[in-house]
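Participant: Take this structure, written in structure tokens, and hold onto it; I'll ask about it next.
Quick note: the coordinates plus some simple rules give every number you see, no bench work behind them. As the structure is a prediction and not an experimental result, all values here were calculated from the model. Note that we place each Cβ from the backbone using ideal geometry, even for glycine, and neighbour counts take in every protein chain shown.
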Amino acid sequence: MCGILALLGCSDDSQAKRVRVLELSRRLKHRGPDWSGLYQHGDCYLAHQRLAIIDPASGDQPLFNEDKSIVVTVNGEIYNHEDLRKRLPNHKFRTGSDCDVIAHLYEEYGESFIDMLDGMFSFVLLDTRDNSFIVARDAIGITSLYIGWSLDGSIWVSSELKGLNDDCEHFESFPPGHLYSSREGGLRRWYNPPCFSEAIPTTPYDPLVLRRAFENAVIKRLMTDVPFGVLLSGGLDSSLVASITARHLAGTKAAKQWGTQLHSFCVGLEGSPDLKAAKEVADYLGTVHHEFHFTVQDGIDAIEDVIYHIETYDVTTIRASTPMFLMARKIKSLGVKMVISGEGSDEIFGGYLYFHKAPNKEEFHQETCRKIKALHQYDCLRANKATSAWGLEARVPFLDKEFINVAMDIDPQWKMIKREEGRIEKWVLRKAFDDEERPYLPKHILYRQKEQFSDGVGYSWIDGLKAHAALHVTDKMMLNAAHIFPQNTPTTKEAYYYRTIFERFFPQNSARLTVPGGASIACSTAKAVEWDAAWSNNLDPSGRAALGVHLSAYDKQVPSVSPGIPEILDNVHLKMEVSTPGVAIQS
């Protein structure tokens, strides 16, 4: 991932303003440690912090068309850039960068080219011929992006809040699947998939069609000029990603550069469910496996850094981001710059355990649509920023546009969880890869129950966080929570603790409004809480809150203060170890 920052139409083109833009751009340097660039045209500035994945030698940004009248700063990957180049035979490209096609596509097709891009991206494009500009974000919001407005009439765009929050009067998350056009003076949606309509799909389930669609989504993400690996938790989604990658790596350009040995990475507390399952999958697939351990105290010590980088106070996002943040640092230290991950599957297939309670296929489908539309505020935000904090890029094949079209076109009756028929969560995905002749995974891994990442790294992780928060937030503080935080009032001591840290870094009202709120059970939307009346008394984003569904569900609601808290923390020891050697790059 890279970091982009743009200041458009400001009233000051002085050297002091240029210095300020450079200063703010440096706040994003963690996203792109390989090179920095800044282009100024009158009262417009386009800055870029580069993480070099494709064409590291010559793909520095901002990028231009032939006569440099079109300028673009981009964060992301365009997987179909080679095909797009073939559609532009009369254009000359300055670099081999996948993002180089954007300026030329605009020159050829105007603002209507966005849907031609197959990838994840956020970009700002400036047409110096009339000083117009466009801003666009990928379909689902895999890459992070914010837009802000200053009192002088200027518009700011940044990959992260910290790039613009101090200089804008108001700012907000740039909506995924949208385009901002200065000519039209507003936003418009460019991504309108069939699943976003009100109609309930009726296409029969075809396991081979689903399998081929996902294999294609993984294969196209093997495009890289740098060392890479896969994140492997041992759950269904990451294990399928690893299996497909291992199966198809040999014939790729990446294999010719770096060898056919796939590297996999996992993080967890000592003895956690994920570590055990991931090791088994890695042994089955023959990957070079890297297992990272952390303690509850390691995670607690990192919370402030995590909130600064992830830019949220959402409880479940912080719980899951912390181990991912720690793992990303270790991965980058091994010389790896890109990883493929399994985010998005649970939203598409109704994989969260609360989907067991969906009353009918219509409600099931509508909830999956709500979850997909909200991904940019939760799992995409986590995966993007937890890895980008250390200059690591995460790619997510489940959120491939073509795969989403196939998966979301299936009659949701097939996705419904029917335990009496042996159909557990994500049964359609599991069945699609249940190949007796050439197995993708061991059966018990293929049919392993869903574990949310924050649970799978070790159940004591969440319990330890709650205990730590209880030591720092008093009952008296909770009584005043609604007065201190009237927007998205924290209802638990853990939420209150995170909120105070977030407000210290991002005190503006606009910042707190970028974070979603509402009741949730096991990562549900507020609407799905209505599916079971008992859930309203057990609201917690952990999968273990799905009473009667999760095999290790909470016996009862964990109290906000426990007499055993000091003992829990006294027994936490600082430890972070790597059980395998660094990545050996083959020439």
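Participant: Using the Karplus equation 6.51 cos²θ - 1.76 cosθ + 1.60 (θ = phi - 60°), what ³J(HN,Hα) coupling, rounded to whole Hz, does each residue of segment 127-144 give in order, writing x for Gly and Pro?
Facilitator: 9, 6, 5, 9, 6, 8, 8, 10, 10, 9, 10, 4, 4, 9, x, 5, 8, 7
Participant: Mind checking the full-extension length gain between S112 and E280? Use 0.36 nm per residue of separation minus the Cα-Cα distance, one decimal, nm. Numbers along the way, then the final one.
Facilitator: Details: separation 168, 0.36 × 168 = 60.48 nm, distance 4.72 nm.
55.8 nm is the gain from fully extending S112 to E280.
Participant: Please compute the modelled spin-label separation between R18 and K476, points set 7 Å along Cα→Cβ, answer in nm with one decimal.
Facilitator: Here the answer is 5.5 nm between the modelled labels.
Participant: So if R0 is 56 Å, what FRET efficiency would E420 and W149 give, r being the distance between their Cβ atoms, rounded to the nearest 0.05?
Facilitator: Numbers: r = 55 Å, r/R0 = 0.98.
Here the calculated transfer efficiency is 0.55.
Participant: Given the convex hull of the Cα atoms of the chain, what is a quarter of its surface area in nm²? Present the calculation step by step, with values, prior to reporting the outcome.
Facilitator: On the way: hull surface 104.9 nm².
Across all orientations, the chain yields a mean hull projection of 26.2 nm².
Participant: Also, I was wondering about something else. Can you list the residues of segment 95-124 with backbone N under 19 Å from a point 7 Å past the Cα of E82, pointing along Cα to Cβ?
Facilitator: Residues passing the 19 Å test: 95-102, 117-120.
Participant: Which order do peptides 356-363, 259-266, 137-144, 466-473 fall in by mean Cβ count within 10 Å, highest first?
Facilitator: Numbers: 356-363: 16.5, 259-266: 22.8, 137-144: 27.2, 466-473: 20.1.
Listed from highest to lowest mean packing, they are 137-144, 259-266, 466-473, 356-363.
Participant: Before rounding to the nearest 500, sum -39500 (n - 2.57) across all DSSP H runs of length at least 4 in the chain and divide by the residue total; then give [θ] at 222 nm in deg cm²/dmol. The partial results should precede the final answer.
Facilitator: Working: 22 runs with 203 residues, N = 587.
Helix-only estimate at 222 nm: -10000 deg cm²/dmol.
Participant: Return the sequence-ordered ³J(HN,Hα) values of segment 273-288 in whole Hz as given by the Karplus equation 6.51 cos²θ - 1.76 cosθ + 1.60 applied to θ = phi - 60°, using x for Gly and Pro.
Facilitator: x, 5, 4, 5, 5, 5, 4, 5, 5, 4, 5, 5, 8, x, 7, 7
Participant: With a ≥ b ≥ c taken as the square roots of the eigenvalues of the C-alpha gyration tensor of segment 196-545, please select rounded if a/c is under 1.5 and otherwise prolate if a/b is larger than b/c or oblate if it is not? List each step's numbers first, then the result.
Facilitator: Details: a/c = 1.80, a/b = 1.24, b/c = 1.45.
Oblate shape, in that a/c is at least 1.5 and b/c is the bigger or equal ratio.
Participant: Here's something else I'd like to know. For K527, list the aspartates and glutamates whose Cα falls under 20 Å from its own Cα; do not include residues on the same chain fewer than 8 positions away.
Facilitator: Those aspartates and glutamates meeting the cut-off are E198, D314, D346, E347, E362, E363, E367, D379, E425, D540.
Participant: Hey, what's the Cα Rg ratio for segment 142-278 versus the globular rule of thumb, 2.2 N^0.38 Å? Write down the numbers at each step before the final one.
Facilitator: Values: Rg = 21.2 Å, N = 137, 2.2 N^0.38 = 14.3 Å.
Compared with the compact-globule rule of thumb, segment 142-278 sits at 1.49.
Participant: Excluding same-chain residues fewer than 8 positions from K330, which lysines have a Cα within less than 17 Å of its Cα?
Facilitator: K385, K575
Participant: Considering amide H positions built from the backbone, and no H for Pro or chain starts, which residues 5 or more places from Y205, or on another chain, come under 5 Å of its amide H?
Facilitator: When sequence neighbours closer than 5 places are left aside, the close amide H contacts are D411.
Participant: Oh, and also: Regarding segment 3-192, what's the average projected area of the Cα-atom convex hull, expressed in nm²? Spell out each step's value before the answer.
Facilitator: On the way: hull surface 39.0 nm².
Answer in nm², one decimal: 9.7.
Participant: Show which lysines lie in cross-link reach of K493 when reach means a straight Cα distance below 21 angstrom and same-chain residues fewer than eight apart are skipped.
Facilitator: K466, K476, K556
Participant: Alpha carbon centre of segment 261-335 versus segment 489-507: separation in Å?
Facilitator: That distance is 24 Å.
Participant: May I pose another question? Taking amide H atoms as placed 1.01 Å from N in the peptide plane, list the residues 5 or more away in sequence, or in a different chain, whose amide H sits under 5 Å from that of F292.
Facilitator: C266, V267, G268
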